[in-house]
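Novice: Here it is, the structure, as structure tokens.
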Amino acid sequence: MKARKYAERCLRDEAEALLGLIPQLDETFDQVVELIYKNHGHVVVTGVGKSGHVGAKMAATLASTGTPSIFINPLDALHGDLGMITSDDILLLVSNSGDTDELLRIIAAVEERHIPIVAMTGDPHSLLARHSNYHISVSVAREACPLNLAPTSSTTAALAMGDALAVALMEIRQFKANDFAMFHPGGTLGRKLLVRVKDVMYTENLPIISPDIRLSDAIMTISGGKLGLGVVMSGERIVGIITDGDIRRAVQGARTNFINLTVAEAMTKTPKTIDPEAKLTSIQEMFNRYKIHSLLVVDSDKRLVGIVDYFAIMN
């Protein structure tokens with residue numbers, strides 16, 4: 001189908017445009033990152049048309065990753081909103097041509113206020129580049145558009161460079177998952193970063209099994225627990241865990257002698273445990289690392305207080 005060929009060509013063109021940004025990275029990029037890192041105000045981003053949409057996304061990404069940032073509409077800026085920009089702020093102008101009239105007017109209006117101006121353009125010789133304190137090049141050889149007219153590769157390049165700025169700042173700030181959660185308290189992401197194991201663990205009707213009973217009897221307890229496992233305990237001490245998989249492997253190994261097997265002969269003697277104060281992200285990390293789907297929740301005295309499974313991180 002021809003449509004897919006056109007799509008493939010577009011994607012390849014844009015991928016090549018992104019790779020072409022790497023040689024354009026220079027000491028100016030380092031200087032801009034240091035400037036923003038040490039800044040006590042906001043990064044104020046603006047742009048016209050498609051570049052404006054890209055700029056709005058840049059501002060949103062910066063703001064959500066620890067760099068205070070806002071986007072202002074350049075037309076509104078020229079009719080009063082320049083008053084939003086303070087002497088502590090940094091102005092980031094996004095324009096592929098670098099000759100956008102509205103942005104040039106903004107530069108003229110703020111030059112005397114000694115506000116640092118960063119231009120991100122596709123032309124290092126443009127008026128914006130020449131009249132800014134810092135210039136970040138996002139030049140592309142051509143647009144992915146077959147007419148070489150519609151902003152495609154150029155907007156992708158600018159968007160990616162904005163992400164590169166945000167990521168570099170995250171690394172320098174040592175921005176962590178907990179910091180990210182502060183700015184994303186809603187939805188599944190915020191839940192995983194803030195909710196603790198104790199909030200989602202099972203605590204009632206836990207499938208407790210003695211190590212001395214037969215596997216055939218243990219199956220009933222495991223099935224009743226509906227978690228696919230049984231916690232093997234001797235008094236109040238955890239001695240192991242037995243799962244559906246453990247039972248299947250025991251049956252395959254014992255064959256006709258299955259009826260005489262005890263839980264102690266089939267259980268896993270070193271079950272993985274987690275603290276009730278741990279966060280959901282810790283659960284996911286352990287599930288991935290050990291290729292398991294359940295964890296025993298134990299207190300500081302190693303006493304069983306609950307069970308948490310894969311479904312806790314899926315909701």
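Novice: Taking only the Cα atoms of segment 199-255, how large is their convex hull per residue, in Å³?
Specialist: So the per-residue Cα hull volume is 91 Å³.
Novice: Quote the accessible area belonging to F287 in square angstrom, nearest 10, computed with a 1.4 Å probe and with ligands, DNA and RNA left uncounted.
Specialist: Probe radius 1.4 Å; accessible area of F287 about 10 Å².
Novice: Also, I was wondering about something else. Specify the angular offset, from 0 to 90 degrees and rounded to the nearest 10, of the alpha carbon long axis of helix 101-110 from the longest principal axis of the alpha carbons in the chain.
Specialist: That helix lies at roughly 90 degrees to the long axis.
Novice: Right, next: Given only helices, namely DSSP H runs of n ≥ 4 each adding -39500 (n - 2.57), what is the per-residue ellipticity at 222 nm of the chain, to the nearest 500 deg cm²/dmol?
Specialist: -13000 deg cm²/dmol
Novice: Continuing with this model, one more query. For segment 1-134, give the percent of accessible area contributed by carbon and sulfur heavy atoms, probe 1.4 Å, rounded to a whole number. Walk me through the numbers before you get to the answer.
Specialist: Details: 3940 of 7260 Å².
Heavy-atom surface of segment 1-134 belonging to carbon and sulfur, 1.4 Å probe: 54 percent.
Novice: Could you work out which residue, out of A119, A218, A17, moves most in a Gaussian network model of the chain, that is, has the largest mean-square fluctuation with Cα springs under 10 Å?
Specialist: Ranking A119, A218, A17 by mean-square fluctuation puts A218 first.
Novice: From Cα pairs below 8 angstrom and at least 6 apart in sequence, can you work out the relative contact order of segment 45-114, rounded to a whole percent?
Specialist: Across segment 45-114, relative contact order equals 39 percent.
Novice: With everything on Cα atoms, drop me the angle between helix 244-254 and the longest principal axis of the chain, reported from 0 to 90° to the nearest 10.
Specialist: Between the helix axis and the principal axis of the chain, the angle is about 50 degrees.
Novice: Here is a further query. How large are Rg and Dmax for segment 13-75 when only the alpha carbon atoms are used, in Å?
Specialist: Over segment 13-75's Cα set, Rg and Dmax evaluate to 13.4, 39 Å.
Novice: Which value, in Å² and to the nearest 10, is the accessible area of R249 when all protein chains are kept and the probe is 1.4 Å?
Specialist: The accessible area comes out at roughly 150 Å².
Novice: Further question: Output the pairs from K38/K198; K50/K279; K198/K226; K198/K269 with a Cα-Cα distance over 31 Å in this structure; if there are none, say none.
Specialist: Numbers: K38/K198 39 Å; K50/K279 40 Å; K198/K226 19 Å; K198/K269 24 Å.
Exceeds cut-off: K38/K198; K50/K279.
Novice: For the chain, what is the accessible area per residue in Å², given a 1.4 Å probe and the full set of protein chains?
Specialist: Values: 17310 Å² over 315 residues.
Value returned for the chain: 55 Å² of accessible area per residue.
Novice: To continue, here is another question. Just to verify a number: what accessible area does E285 come out at with the full protein assembly present, 1.4 Å probe, Å² rounded to tens?
Specialist: Rounded to the nearest 10, that gives 100 Å².
Novice: Would you indicate which of (1) 87, 51, 32; (2) 76, 65, 31; (3) 71, 49, 34 is the value of Cα extents along the principal axes in Å derived from the coordinates of this structure?
Specialist: Read-out from the structure maps to (1).
The values are calculated or read from the model by the stated rules, or taken from the named source; none is laboratory data. Keep in mind the model is a prediction, meaning the values are calculated, not measured. What goes into the accessible areas is simple: the full protein's heavy atoms, side chains included, and nothing from ligands, DNA or RNA. Shrake-Rupley method; radii C 1.70, N 1.55, O 1.52, S 1.80 Å.
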